[in-house]
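These notes are about the structure you will find just below.
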Amino acid sequence: MKTTRFQQRDLVWGALVVMLAALPLIPGVIGNSFRAHVMIMVLLYASMAQSWNIVSGYAGQTSFGHSVFFGIGAYGAGMAVVTYGLTPWPGFLAGALLAAVVAVLISWPCFRLSGHYFAIATFAIVEIFNRLFMVWDWVGGALGLDYPILPDGWVNFVWSQTKVGFYYGALALFVLIFGIVRWIETHRLGYYLRAVREGQETAESLGVNSTAVKLSAMAFSAFLAALCGGFFVQYNYRVDPPMVMSLEMSMKFVLITILGGLGNFWGPLLGAMILIPLQEYTRAYLTVLGSGVDLVIFGLIIVLMMVKQPRGIMGIVTDFRARRRRAGALPDAGA
Amino acid sequence: MDIFAQVIIDGLLTGMLYALVAAGLSLIWGVMDVIHFAHGEFLMVAMYLSFWLGFLAGVDPVVSWIASGVFLFIIGALTYRLVISHCIGKSAMPPLLATFGLSLFLKNLCMNRFSPNFRLLQDTLLGGKTVMIGSVVIGLPQLVTGVFSLIMLLALYYLIKKTRLGWAIQATAMDREAAELMGIHTDRIYLLVFGMGGACVGIAGGLMTSYLAVHPEVGSLFGLIAFLIVALGGFGSIPGALVAALIIGLVEALAGFYIAPVFKYVAVFMLYLVVVMVRPKGLFGW
């Protein structure tokens with residue numbers, strides 16, 4: 001019974017990836033268009049949110065510090081290209097590894113803090129990193145790093161003519177991160193993570209080393225968030241501290257996941273599919289009303305969403321299923 | 001030595017102001033267990049109100065703090081009634097994210113309406129005046145704001161500790177259901193607490209306009225510092241908030257002067273991290 005459900009789910013997952021991969025082959029859907037930009041952003045933010053979901057959704061440690069790891073990844077790629085004149089690839093790897101190390105170093109003491117204190121500590125860490133990077137000349141300071149003009153292609157991971165390259169880059173990132181989470185979910189670490197979330201003492205009494213489990217979740221999560229950061233800086237051709245290491249950026253990780261459904265495999269994708277087009281289209285079409293209108297609307301939607309359905313879209317789906325099951329008479333209910 | 005005294009005095013005065021801003025947050029956090037993310041933006045709204053009252057109607061901040069206090073009480077109560085009361089419950093996340101949405105909304109609405117420019121009231125009653133004590137120069141607006149914040153804080157403390165309303169608030173904070181069974185209308189207490197939290201920043205914001213410029217981002221930093229103060233003091237503790245605020249004010253002033261101005265907030269955040277590593281529930285928490 002259980003195995004069939006997993007297979008069914010993986011089938012959906014595989015079909016989705018194939019569909020997304022085939023999208024650029026249909027002419028007119030993705031060119032150098034705004035729609036391509038929105039698609040790339042959806043894939044990127046879904047991946048970011050999924051990386052956050054590992055530690056906060058599955059392991060239950062609400063981190064508001066993920067923009068730090070995202071930023072380290074961004075600076076890894078940025079410095080490889082701008083400061084050292086290399087391709088971004090060693091930067092991706094170095095940034096991601098460094099982010100994982102930083103995450104473990106930061107989280108080790110912080111995991112002792114409970115609930116709100118952990119959250120506030122992660123805010124403080126974002127602010128410290130932001131302010132230090134602002135005055136640190138080696139990483140470009142407040143001006144940040146601006147990319148030189150580079151030839152297009154996978155070697156430099158930049159494309160200036162068409163967005164198809166970036167689209168496939170984002171898709172690769174998406175498949176990698178969702179694949180890893182899918183793997184974690186069905187393997188030992190995933191069960192440990194959920195056990196720690198549901199009851200740390202109980203999990204420990206059964207022999208789960210909760211600190212090691214949480215730290216490895218954090219390291220995985222930071223590594224993947226940093227890869228997203230690397231992609232983000234390649235896509236924008238520049239990086240500065242407020243762009244990547246800010247509380248607003250941290251909140252995007254949180255918001256997208258919660259809006260979609262916390263601790264759920266599809267949650268980050270659903271959240272990104274709703275929030276990101278909303279953000280990008282309001283930004284593009286409402287600027288006539290002056291600056292900031294997009295964020296005014298964005299803010300209002302978040303408030304409304306939290307008032308109406310705090311468990312996110314997956315909450316609506318669960319409610320709907322439960323109602324159908326209660327209706328009971330339907331023969332196919334509960335499938 | 002004179003410079004040192006000057007830095008200490010400046011730090012303490014900043015700390016007193018921080019204490020009033022943080023007291024409102026501490027109350028909300030302690031009683032309702034809600035992380036109120038829009039607290040800093042409430043402060044910004046209060047500052048804009050006080051600024052426009054001064055700019056358009058010529059009302060001095062010495063008076064307009066009353067208006068901004070009342071206005072923010074209403075805003076706070078409305079926020080509770082329309083938003084928080086619908087999502088408060090088991091998890092801490094929905095109210096946190098809802099208030100984050102509210103903060104985005106308020107900040108960008110002000111950005112859109114009032115532009116990102118810094119605005120400072122000219123020719124206020126207190127503005128630019130100073131008092132000399134020995135060789136230490138104290139800005140009169142800072143002094144008045146600091147002392148007044150302290151008085152407000154004492155009044156709040158008295159209200160919580162000595163009045164029947166205060167006991168009802170404490171009872172609600174300890175156990176909502178038990179308080180309900182004792183005949184306390186806890187929903188109304190929550191409404192009042194959110195309003196009072198708003199009034200605290202309303203008063204602080206109203207006073208601050210006599211020497212601080214208002215702009216859409218002004219609330220973010222104050223809000224963040226208020227979080228640190230509350231967590232540092234131990235949540236729900238008003239004396240804790242005062243002590244933590246004074247410490248943060250001092251550290252900010254000392255680090256800003258003796259290390260470098262850019263490091264003053266880094267020092268503050270580092271201090272917080274170090275303290276909570278040693279005392280995970282804050283200085284006065286248990």
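The values are calculated or read from the model by the stated rules, or taken from the named source; none is laboratory data. Bear in mind the structure is a predicted one, so any value in this text is a computation, not a measurement. All Cβ positions, glycine included, derive from the backbone under ideal geometry; neighbour counts span all protein chains shown.
Is it true that A:Gly190 is more than 25 Å from A:Arg131 (Cβ to Cβ), within 14 Å of chain B (Cβ to nearest Cβ), crowded, with 16+ Cβ neighbours inside 10 Å and at pLDDT below 90?
Values: more than 25 Å from A:Arg131 (Cβ to Cβ): yes; within 14 Å of chain B (Cβ to nearest Cβ): no; crowded, with 16+ Cβ neighbours inside 10 Å: yes; at pLDDT below 90: yes.
Here the answer is no, as A:Gly190 does not meet what is asked.
Pick from B:Val262, B:Val275, B:Val243: which is surrounded by fewer than 24 Cβ atoms within 10 Å (Cβ to Cβ), part of a helix (DSSP H, G or I) and within 10 Å of another protein chain (Cβ to nearest Cβ)?
On the way: B:Val275 fails: within 10 Å of another protein chain (Cβ to nearest Cβ); B:Val243 fails: within 10 Å of another protein chain (Cβ to nearest Cβ).
Just one listed residue meets the conditions, B:Val262.
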- Note on the structure: Given the conditions (1) under 20 Å from A:His66 (Cβ atoms); (2) buried (at least 18 other Cβ atoms within 10 Å of the Cβ); (3) within 13 Å of chain B (Cβ to nearest Cβ), every one holds for A:Val244 apart from (3)
- Message: Would you confirm whether or not the stretch A:64-86 contains a residue that is surrounded by fewer than 21 Cβ atoms within 10 Å (Cβ to Cβ), of a type in the set (Val, Ile, Thr), away from chain B (no Cβ under 14 Å) and outside any helix (DSSP H, G or I)?
- Response: no
- Query: List pairs: first in the stretch A:295-322 and touching a residue at least 12 places away in the same chain (Cβ under 8 Å), second among the β-branched types (Val, Ile, Thr) and in a helix (DSSP H, G or I), Cβ under 6 Å, 6+ apart or cross-chain?
  - Reply: A:Ile297/A:Thr282; A:Gly312/A:Ile258
- Message: Against the condition in contact with a helix residue (DSSP H, G or I) (Cβ under 8 Å, 6 or more places away or on another chain) and of a type in the set (D, E, K, R), how does B:Asp60 come out, does it pass?
- Response: yes
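Residues checked against (1) modelled with pLDDT under 85; (2) in contact with a Gly (Cβ under 7 Å, 6 or more places away or on another chain); (3) surrounded by fewer than 19 Cβ atoms within 10 Å (Cβ to Cβ); (4) more than 8 Å from every other protein chain (Cβ to nearest Cβ):
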| site | (1), (2), (3), (4) |
| --- | --- |
| A:Gly267 | no, yes, no, yes |
| A:Leu275 | no, no, no, yes |
| A:Leu278 | no, no, yes, yes |
| A:Val288 | yes, no, yes, yes |
| A:Val303 | no, yes, no, no |
| A:Ile313 | yes, yes, no, yes |
- Answer yes if at least one residue in the stretch B:33-42 is at pLDDT below 90 and closer than 28 Å to A:Leu289 by Cβ, and no otherwise. yes
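Matching residues to (1) assigned to a helix (DSSP H, G or I); (2) of a type in the set (S, T, N, Q):
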{"residue": "A:Thr122", "(1), (2)": "yes, yes"}
{"residue": "A:Glu127", "(1), (2)": "yes, no"}
{"residue": "A:Met134", "(1), (2)": "yes, no"}
{"residue": "A:Pro151", "(1), (2)": "no, no"}
{"residue": "A:Ser160", "(1), (2)": "no, yes"}
{"residue": "A:Leu173", "(1), (2)": "yes, no"}
- Query: Looking only at the stretch A:103-120, which residues are in a helix (DSSP H, G or I), touching a residue at least 60 places away in the same chain (Cβ under 8 Å) and within 14 Å of another protein chain (Cβ to nearest Cβ)?
  - Reply: A:Ser107, A:Trp108
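Could you name every one of the helices (runs of 4 or more DSSP H) located completely within the stretch B:1-109 that has at least 1 residues being β-branched (Val, Ile, Thr) and closer than 29 Å to A:Gly261 by Cα? Please lay out each step first, then the result.
Numbers: elements: B:2-32, B:39-57, B:61-79.
Where helices (runs of 4 or more DSSP H) fall fully within the stretch B:1-109 and carry at least 1 residues being β-branched (Val, Ile, Thr) and closer than 29 Å to A:Gly261 by Cα, they are B:2-32, B:61-79.
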- Message: Among the residues in the stretch B:76-90, are any more than 14 Å from chain A (Cβ to nearest Cβ), within 30 Å of A:Ile297 (Cα to Cα) and either touching a Gly at 6+ places or on another chain (Cβ under 6 Å) or of a type in the set (A, V, I, L, M) (or both)?
- Response: yes
- Query: Which condition number in (1) more than 10 Å from every other protein chain (Cβ to nearest Cβ); (2) surrounded by fewer than 22 Cβ atoms within 10 Å (Cβ to Cβ); (3) in a loop (DSSP other than H, G, I, E, B) is the one that B:Lys281 fails?
  - Reply: (1)
- How many residues are within 22 Å of the chain's Cα centre (by Cα) and not aromatic (Phe, Trp, Tyr) if we restrict to the stretch B:256-286? 14
- Looking only at the stretch B:110-154, which residues are away from chain A (no Cβ under 14 Å), in a helix (DSSP H, G or I) and surrounded by 14 or more Cβ atoms within 10 Å (Cβ to Cβ)? B:Leu140, B:Pro141, B:Gln142, B:Leu143, B:Val144, B:Thr145, B:Gly146, B:Phe148, B:Ser149, B:Leu150, B:Met152, B:Leu153
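Working only within the stretch B:167-186, note down all residues that are in contact with a helix residue (DSSP H, G or I) (Cβ under 7 Å, 6 or more places away or on another chain) and either among the charged types (D, E, K, R) or not in a helix (DSSP H, G or I) (or both). Let's see the steps before the verdict.
Within the stretch B:167-186, the subset in contact with a helix residue (DSSP H, G or I) (Cβ under 7 Å, 6 or more places away or on another chain) is B:168-173, B:176, B:179-180, B:182, B:184, B:186.
Scanning the stretch B:167-186 gives B:Arg176, B:Glu180, B:Met182, B:Ile184.
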